[in-house]
Amino acid sequence: MALRNFDELISKVKGGSKKTVALIQANDEHALQAVIEAQDIVNSVLVGDPEKITGVLVSLGQNPDNFDIVAVPEGMHPSVCAANLIHEGRADFLMKGKIMTGDLLKGVLSHEADLRTGKLMSHIIIAEFPGYHKLLCVTDGGMCTYPDLEKKVQIVENAVDFFEGLGYDKVNVAALCAVETINPKMQETVDAAELKSMSLAGKLGNCYVEGPISYDLAMVPEIGEVKGFDCPCAGDFDIMLAPEIVVGNVLGKCLVYTCGGRMAGLVLGCKVPIVVTSRGSSAEEKYYSLALGAGVCK
């Protein structure tokens, strides 16, 4: 059953076993605010410099003694330190704190972290916004720049696996393009058609991919009727597959900053989900992202 909004996601997470997030470089005010607010849905381990973390906790009116703080050993990458907590069973997923995304991923992808699965890592945005009846995923707007067909396959698989982890039975995917016809000069339309064929053959998991399809046709069934475009799930997509990173990034931010939506984000493809939001993200966005990570943890 599809989740209509973040409130339903929160209720679902509260109904399961409580998971633990390892917050990497935890001396980040907004991230800590999210962790504090999310104490009803997740436990936390705060990784980094204990003195800096303690200072931020005090500034937020918290007693540091109430938190599990882990110092990063000298010479160890903070992501590796957090990964060790995963392997020790002390944490279930990761979250970015006051650390650049590139530095975070450098540690996550290292041999020492042992978090790689051999799959492509990709980013998802989950948005709740007025005018749409359920949560909508946009991928990839944060990691994969100009994916070829092979990478798009893995991006779709990551997103479909994510929704299956939330309890979805079948997922509808729109392979977005500027047009709804195949044009050999527009590689994204060729890729979209191939992805549709693969989904119909059952090669992409439990999903249906429609493509090539423009955003208006994907979202408004009446436009398809006018244009004579037959799409069985128009107006009912779960995932918008962007042809490249700019489209995904702009679309995700447009749904939030122009349409008044709410957003959460995760990196998928590792052994555990990684909450990765921008440094300017609100505590609310990070809170919802924590709920997403907890919701799909094994």
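The values are calculated or read from the model by the stated rules, or taken from the named source; none is laboratory data. Keep in mind the model is a prediction, meaning the values are calculated, not measured. Cβ: placed from backbone, ideal geometry, glycine included. Neighbour counts: every protein chain shown. These accessible areas exclude ligands, DNA and RNA; they are computed on the full protein's heavy atoms, side chains included. Shrake-Rupley method; radii C 1.70, N 1.55, O 1.52, S 1.80 Å.
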Could you sort out which of K196/K227; K19/K253; K12/K170; K96/K271 sit more than 24 Å apart by Cα distance in this structure?
K19/K253
Taking N as the number of residues in region 162-298, what is its alpha-carbon radius of gyration divided by 2.2 N^0.38 Å?
1.13
Counting only heavy atoms of protein chains, what accessible area per residue, in Å², does the chain have with a probe of 1.4 Å?
44
Report Rg(Cα)/(2.2 N^0.38 Å) for region 112-200, keeping two decimals.
1.19
Rounded to 5, the percent of DSSP beta bridges in the chain classed as antiparallel:
30
Dipole check, the chain, charges on Cβ (K,R +1; D,E -1), about Cα centroid: among T258, V173, T189 the Cα furthest to the positive pole belongs to V173
With a/c under 1.5 counting as rounded, go ahead and sort region 1-145 into rounded, prolate or oblate using the C-alpha gyration tensor (a ≥ b ≥ c being the square roots of the eigenvalues; past the cut-off, prolate if a/b is larger than b/c, else oblate).
oblate
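Quote to one decimal, in nm, the extra length available between L200 and V246 on full extension: 0.36 nm per residue of separation minus the C-alpha distance between them. Before the final figure, lay out the partial values.
On the way: separation 46, 0.36 × 46 = 16.56 nm, distance 2.79 nm.
Contour length minus Cα-Cα distance gives 13.8 nm.
Highest first, please rank the peptides 33-39, 266-272, 1-7 by the mean number of other Cβ atoms sitting within 10 Å of their residues.
By packing density, highest mean first, the sequence is 266-272, 33-39, 1-7.
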In nanometres, what is the gap between the two model label sites at M186 and L109, each 7 Å from Cα along Cα-to-Cβ?
3.1
Provide the descending list of Cα extents for region 241-298 along its principal axes, expressed in whole angstroms.
34, 27, 18
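Show me the ranking of peptides 71-79, 169-177, 44-52 by mean Cβ neighbours inside 10 Å, starting with the highest.
169-177, 44-52, 71-79
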Please compute the length gained on full extension between E284 and D7, using 0.36 nm multiplied by the number of residues separating them and subtracting their Cα-Cα distance.
98.5 nm
In terms of Cα to Cα distance under 13 Å, which aspartates and glutamates are near enough to K286, apart from those fewer than 8 places away along the same chain?
D28, E29, E37
In nm, give the distance between the simple-model label positions of R90 and Q39, each being 7 Å from the Cα along the Cα-to-Cβ direction.
2.0
Rounded, prolate or oblate: which fits the chain when a ≥ b ≥ c are the square roots of the eigenvalues of the alpha-carbon gyration tensor, with rounded for a/c under 1.5 and prolate only if a/b beats b/c?
prolate
Taking r as the C-beta separation of C254 and D65 and R0 as 35 Å, the FRET efficiency to the nearest 0.05 is 0.20
How much length would be gained if the chain were fully extended between E51 and E164, taking 0.36 nm per residue of separation minus their Cα-Cα distance, in nm to one decimal?
36.6 nm
Global geometry of region 172-219, whether rounded, prolate or oblate, following the gyration tensor of its Cα atoms and the 1.5 cut on a/c:
oblate
On a 18 Å Cα-Cα criterion, which of the cross-link pairs K119/K152; K152/K298; K134/K298 come out too long?
K152/K298; K134/K298
